[in-house]
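For reference, the structure discussed in these notes is given below.
Please treat every number below as a calculation from the coordinates, not as lab data. Owing to the predicted nature of the structure, the values given are computational and were not obtained by experimental measurement. When we count neighbours, we look across all protein chains shown, and the Cβ atoms used for this are built from the backbone with ideal geometry, even at glycine.
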Amino acid sequence: MTRAALLVLADGRFPAGGHAHSGGAEEAVKAGRITGAGGLEAFCRGRLHTAGLVAAALAAAAAAGADPAELDAAADARTPSPALRLAARKLGRQLARAARATWSSPELDALVRAFPKGAHQPVVLGLTARAAGLGPADAAYCAVYESVSGPATAVVRLLSLDPFEATAVLARLAPELDRVVDRAVAAGHAVCSDGTDALPSASAPLLEIGAEAHAAWPVRLFAS
């Protein structure tokens with residue numbers, strides 16, 4: 001296992017398409033739920049323990065060798081919003097493209113053939129981690145960090161928030177990221193023996209509702 005590969009995969013410059021998505025932050029800013037660092041921290045905490053946990057568990061399970069087709073179906077079932085399902089598949093397609101150009105992987109090649117319109121991003125992330133010689137915990141860390149860093153970066157742009165304040169928010173959340181990763185990895189390993197019912201189903205109805213509203217906007221800065 002090479003930890004340097006984890007740095008490559010988690011680097012914001014890795015061309016996986018995440019920069020075009022706010023993780024629901026753009027809609028939350030417009031709705032007045034994020035007006036500064038305090039609102040951003042509350043938003044990221046909520047996203048971490050719901051969508052972030054689910055994504056991390058899916059990624060960990062894929063990295064552990066669970067059936068990616070079954071994981072993709074489980075991701076669909078845990079994503080009620082059509083807009084979010086579409087965004088997840090677009091991100092998965094872009095991540096697969098970047099990953100295949102970086103690491104050779106028959107598993108990723110097979111996934112792309114099976115899902116020409118894109119598999120869910122966390123599933124692709126887990127297989128990318130496998131291709132890079134990384135394990136379930138590494139995949140889960142990438143997933144949980146993306147779940148909060150994306151909104152934080154977006155809010156810096158949307159509100160001209162001081163980047164130092166946004167970074168401090170992420171630092172304060174770090175112990176919670178560790179705990180979510182532990183839960184996600186345990187669930188990911190359980191999938192290999194117990195099936196996808198072992199995955200968490202933490203819901204975030206406001207994120208789902210906000211995603212549908214955001215998708216209908218005629219003008220927006222972010223794709224989701």
### Message
Can you tell me the orientation of helix 68-77 relative to the chain, as the angle in degrees between its alpha-carbon axis and the longest Cα principal axis, to the nearest 10?
### Response
30 degrees
### Query
Looking at the range 1-60, what % of the alpha carbon pairs are farther apart than 19 Å?
48 percent
### Summary
Note, V112: beta-carbon cut-off 9 Å, +1 each Lys/Arg, -1 each Asp/Glu, net +3
### Summary
Computed from every Cα-Cα pair in the chain, P(r) in 10 Å bins starting at 0 and rounded to whole percents is 9, 37, 38, 15, 1
### Message
Can you give me the angle between helix 163-194 and the longest principal axis of the chain, using Cα atoms only, in degrees from 0 to 90, rounded to the nearest 10?
### Response
30 degrees
### Task
Evaluate the charge dipole of the chain about its Cα centre and quote only its size in Debye, nearest 20, assuming +1 on the Cβ of each Lys and Arg and -1 on the Cβ of each Asp and Glu.
560 debye
### Message
So if each residue of separation counts as 0.36 nm, and I subtract the Cα-Cα distance between R172 and R45, what length gain in nm does that give?
### Response
44.7 nm
